[in-house]
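Here's the structure, in structure tokens; my notes come after.
The values are calculated or read from the model by the stated rules, or taken from the named source; none is laboratory data. Please read all numbers here as calculations on a predicted model, not as lab measurements. Using ideal geometry, Cβ is built from the backbone for each residue, glycine included, and neighbour counts are taken over all protein chains shown.
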There are 2 protein chains.
Amino acid sequence: MASIREVAQEAGVGVGTVSRALNGSGYVSPETRKKIEKAAKKLNYTPNELARNLYHNKTGIVGVIVPDLEHPFFSSLVKHIEMELYEQGYKTMICNTVGISRREQEYLDMLERNIVDGIITASHGLEVEEYQKQTKPIVSIDRDLGSRIPLIGCDHAKGGKLAAELMLEARRRKVFLVSGISPNVMANDRYRTFRQILEENGVVAVLQEEMGWNIFSWEAHYKMAEEIFRLHPDVDGIFGSDLAALACLNVAQRKGIRVPEDLSIIGFDAMAPSGMVYPQLTAIRQNVELLAEISVNALLDMVEQRKNVPSRLILDVEIQRGGTV
Amino acid sequence: MASIREVAQEAGVGVGTVSRALNGSGYVSPETRKKIEKAAKKLNYTPNELARNLYHNKTGIVGVIVPDLEHPFFSSLVKHIEMELYEQGYKTMICNTVGISRREQEYLDMLERNIVDGIITASHGLEVEEYQKQTKPIVSIDRDLGSRIPLIGCDHAKGGKLAAELMLEARRRKVFLVSGISPNVMANDRYRTFRQILEENGVVAVLQEEMGWNIFSWEAHYKMAEEIFRLHPDVDGIFGSDLAALACLNVAQRKGIRVPEDLSIIGFDAMAPSGMVYPQLTAIRQNVELLAEISVNALLDMVEQRKNVPSRLILDVEIQRGGTV
């Protein structure tokens, strides 16, 4: 197939002129336009996908930014986002930030540079201000990037409430909360509500361990779990992310602590590995499939200017009843 | 609008440097990048990536096709591929085929349509012939698509051998092999070698269960595990994918079968969940990080015509010593 360059040579004009002629974006004299059309016909030139995209000023590509694709929540989220985008005629470009905020910035730049039509971000590295500068379509999962960027996430406060109620039912007295540290993230509602309900109900001690944000390794969680049992051997309840909960379950089993008889453990997300351990982890489940669908629809509503998008979209959570409470 | 040349002049650097800086396609010192950004801002220059790609007949995008991004092996593979591509100035477009061969075909078409510069495929749905028609850069992970498409995978035969030797050391007599069914995939070497070594060493029964290819759900594996124990309550060894092995471990624990005293279980891949269960799964480990790196380098050697690529690249495997043998 002929390239645009060959067409330009044949017509005796510059590539930019051919591009403008295709684009309709700038002035091309009728005479020149005719020469270009003749050259294109002679060389059997059919503008390729890139040229067509250039013409429509649209790429059909959506960027998805996650901190770590290896984390079960993010791999499931991206899978379902990709499937939903595909259904709606878009392709998915993926970016692992693994805690490197420079990469998030580069993705935002891609929006400006017309490589992607929009971005779904579930990463938390970059300053909120960098997002707020953007005028092109972005939706954010679980992190508040200001009122102009739709925020989509599950009902973390309800998640914290459900977990606290399970702890109360199991009559736990010394409960450990493993939380993350990051401002502006919806998960903070979960920690706050969990803690508050337990304290209001006279649970003797609610301890808290803060894992650094963007720490997803099993090793880091395992080490943290060992520390909890070393410093607080009498802990009788633990609530944390799936990874934190699974690490605590693993350490408890190794130490011969009976779960759930002497220790209740509750995870958050209820992703695949939580169902692979024995006993299965009791956990608060986010509906990742729905989260993906809603995020894609909100973004494409903006990209295609189909309709206005609410600034906050909150999804329900439920309990996965396993055998650890 | 200012041209890239004017930006280069203003910044006092070459056009290539401006292109690299704005493309993210090669190294530019932070200082120079700042100068360029300042110049671009001053001149109100917004590069049009699409136009540039059209000109270079290159997109800087690589397509990665996997069957199921939610599967721990594929999510880890794609993570590391994306990170390696990024290091080399490329972006990653992801496609979940979830067993739909139409989607693989569409991705191949994207190669022709210049949306991607090359494809790394780890999916097995489409006919080999469809791949063989292609002339543009493709590398295949674990599936033989003919001698023109580089095949990259781990040493499955050695994996089968290591697993068989572990079973022999543990003096297992009635061993179950959970395999997949698919022609042309390297995993078949693993099944063959495992079976052969055990039979040669007089293991009384080597049973085999074939899971449909592209079946990755926990439920399907759990059901299969229940069937194994129902039909063969005296099985004393099981070797399968991590998912199959984890499902068998889970069912065994529920039934009160002692692992490893009365039953040895060995997985293959040794992905994250295999380290989360208690006891940790003994498994044959593929080096996914290296697999990703080698695959990316082979593909980009072809895309950029840097050098010739061997038609077969085989990586070593090792034993993850857990507590299930």
Taking the stretch B:281-296 and keeping residues crowded, with 18+ Cβ neighbours inside 10 Å and not small (Gly, Ala, Ser) leaves B:Leu281, B:Thr282, B:Ile284, B:Arg285, B:Gln286, B:Val288, B:Leu291, B:Ile294, B:Val296
| request: Report yes if A:Glu219 is in a helix (DSSP H, G or I), within 14 Å of another protein chain (Cβ to nearest Cβ) and surrounded by 15 or more Cβ atoms within 10 Å (Cβ to Cβ), otherwise no. | output: no
*With respect to B:Leu77, is the statement that it is within 11 Å of another protein chain (Cβ to nearest Cβ) and either modelled with pLDDT under 85 or surrounded by fewer than 21 Cβ atoms within 10 Å (Cβ to Cβ) (or both) true?*
no
- Condition check for B:Ile266: in contact with a helix residue (DSSP H, G or I) (Cβ under 8 Å, 6 or more places away or on another chain) and more than 14 Å from chain A (Cβ to nearest Cβ): yes
With criteria (1) under 17 Å from the mean Cα position of the chain (by Cα); (2) away from every other protein chain (no Cβ under 12 Å); (3) part of a loop (DSSP other than H, G, I, E, B), A:Val98 comes up short on (2)
**Asked** In this structure, does B:Ala272 turn out to be within 14 Å of chain A (Cβ to nearest Cβ), crowded, with 16+ Cβ neighbours inside 10 Å and small (Gly, Ala, Ser)?
**Response** yes
Sole miss for A:Ser140 among (1) crowded, with 17+ Cβ neighbours inside 10 Å; (2) hydroxyl-bearing (Ser, Thr, Tyr); (3) in contact (Cβ under 8 Å) with a residue 24 or more places away in the chain is condition (3)
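Would it be correct to say that B:Asn23 is over 30 Å from B:Cys154 (Cα atoms), facing chain A (nearest Cβ under 8 Å) and at pLDDT below 85? Full working, then the answer.
Details: over 30 Å from B:Cys154 (Cα atoms): yes; facing chain A (nearest Cβ under 8 Å): no; at pLDDT below 85: yes.
Criteria not met by B:Asn23.
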The strands (runs of 3 or more DSSP E) lying wholly within the stretch A:244-325 that contain at least 3 residues that are more than 27 Å from A:Ile120 (Cα to Cα) are A:264-269
When every residue in the stretch A:4-20 that is hydrophobic (A, V, I, L, M, F, W, C) and more than 13 Å from chain B (Cβ to nearest Cβ) is compared, the one nearest to the chain's Cα centre (by Cα) is A:Val13
Picking from A:Met211, A:Met224, the residue that is more than 10 Å from chain B (Cβ to nearest Cβ), surrounded by 19 or more Cβ atoms within 10 Å (Cβ to Cβ) and more than 21 Å from B:Asn250 (Cα to Cα) would be A:Met224
